[in-house]
Structures are given as structure tokens and as C-alpha cells.
1. Compute the long axis of helix 133-175 from its Cα atoms, compare it with the longest principal axis of the Cα atoms of the chain, and write down the angle in degrees, 0 to 90, nearest 10.
2. Report, in degrees rounded to the nearest 10, the 0 to 90 angle that the Cα long axis of helix 86-112 makes with the longest principal axis of the chain.
3. Round to the nearest 10 and give me the degree value, 0 to 90, for the angle of helix 26-38's Cα axis relative to the longest principal axis of the chain.
4. Tell me, in nm to one decimal, what length is gained between Glu94 and Ile121 on full extension, where the rule is 0.36 nm per residue of separation less the Cα-Cα distance?
5. At q = 0.20, 0.24, 0.33 Å⁻¹, work out log10 I(q)/I(0) for the stretch 99-141 with the Debye formula, treating every Cα as an identical point scatterer and leaving solvent out; two decimals please.
6. Gain in length, Asp162 to Thr53, computed as 0.36 nm per residue apart minus the alpha-carbon separation, to one decimal in nm?
7. Taking θ as phi - 60°, what are the ³J(HN,Hα) couplings along the stretch 58-74 by the Karplus curve (6.51, -1.76, 1.60), each to the nearest whole Hz, with x for Gly and Pro?
8. For a 29 Å ceiling on Cα separation, which of these pairs sit above it: Lys18/Lys100; Lys54/Lys100; Lys57/Lys163; Lys18/Lys96?
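Any read-out appearing in this document is the output of simple, stated calculations on the displayed coordinates, not a laboratory observation. Keep in mind that what you see is a predicted model, and the values were worked out from it rather than measured. In this analysis, Cβ positions are derived from the backbone assuming ideal geometry, glycine residues included, and neighbour counts consider all displayed protein chains.
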Amino acid sequence: NDKLCIMLECSKEELMEKNIFDFMDEEWQLRATQIIESQKNETLKSFEFKFITKSKKVLWVSISSNAFFSADKKYVGAMAMITDITEKRNAELEKKEYIKGLEEIMFMTSHEVRQPIAHIISCANLLDENDSIDEIAKLIHYIKESALSLDSFTRKLTVFVDKMQKMDFRKQKQLL
């Protein structure tokens, strides 16, 4: 198939000379074998495979195949439709990475912001109840520490978000 040759970056002769497993890394050779074995007796099959092209690029494909059997139930052959889903898989991976980044921001926010805020609220409540200059000085010190902690966190968060944006920008640039 001309389209498969284009996807795998090889000639028809190269494709005919090689086993399809030659276009897979060891992990996917094993996975593909397992997938094929598990669906051996099914007429209609659908699965995704990872191939490595001639230029060593990763190629994700969706394969839908239809096996043909003789009247006495012996395997005769199969016809398959192969679709390049590399962009889809990459988009899914980017989405997962983005969600992971958002979850990390949520974790950082809930843990690193809550503590200083709780300290500030506690100190404010104690200020309402205290007349001692020494106690008030201590509470002001704690408020300053908490404010510095919040400032430090917002700087870390800004760096993290900036890093995520630059990563996203580089990925977009690669698509152009």
C-alpha cells in the first residue's frame, strides 16, 4: 500500500522484504504479539500500534482489520485499514501533561497558601485579644513571616506557570 509506505518512510520493496514487527521497538513487538494473539479468533479487530519509521520517528496508527476464514474455519487472510493517529496521540499526551501541571498548581496552592493564611488569621485574632506589646511584636513577626512565605510561593508559582507557557509555546512552534 502506497500510503503505508509513505507513513513508514520506506519503498514498497522494503515493506515487502520486512516483517511489520521490524518497524516496532522491542516493547511494541511484544505488545503487538499479545494483542494479535488475544484477538486471533475474532473476525473484526481494532487496535492501536506504535511504529518507528525509517527516520526513527514515532508513528501511532489505528488498525482495523477483518479476517477471512474458509468454510472449514481455517484462516485465509485479512484486510486492514491503517490510520495515522500520531497527532491525536500527541495531543492526548499534551493534554495529560497540561492537566498534570494544573493539578500540581492546585496542590501547591492548597498546601503552600493555606498555611500562611491560617497563620495570618490566627495572628489577627490574637491581636484582637492581646494588649501586651511583646506579644503584639511576636504576632507582627509571625504575620511578616507568613507574608514572606506567601510572596515566596507566588514567585515559585509564577516561574512554574511561565515554564508551562513556554513549554506550550515550543510545542505550538514545532507544529508550524
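1. Once rounded, the angle reads 20 degrees.
2. 20
3. Result, in degrees: 60.
4. 5.8 nm
5. Rounded to two decimals, the profile gives -0.64, -0.76, -1.03.
6. Additional length available on full extension: 35.8 nm.
7. 7, 10, 9, 10, 9, 10, 10, 10, 10, 7, 10, 10, 6, 4, 8, 6, 8
8. From Lys18/Lys100; Lys54/Lys100; Lys57/Lys163; Lys18/Lys96, over 29 Å: Lys18/Lys100; Lys54/Lys100; Lys18/Lys96.
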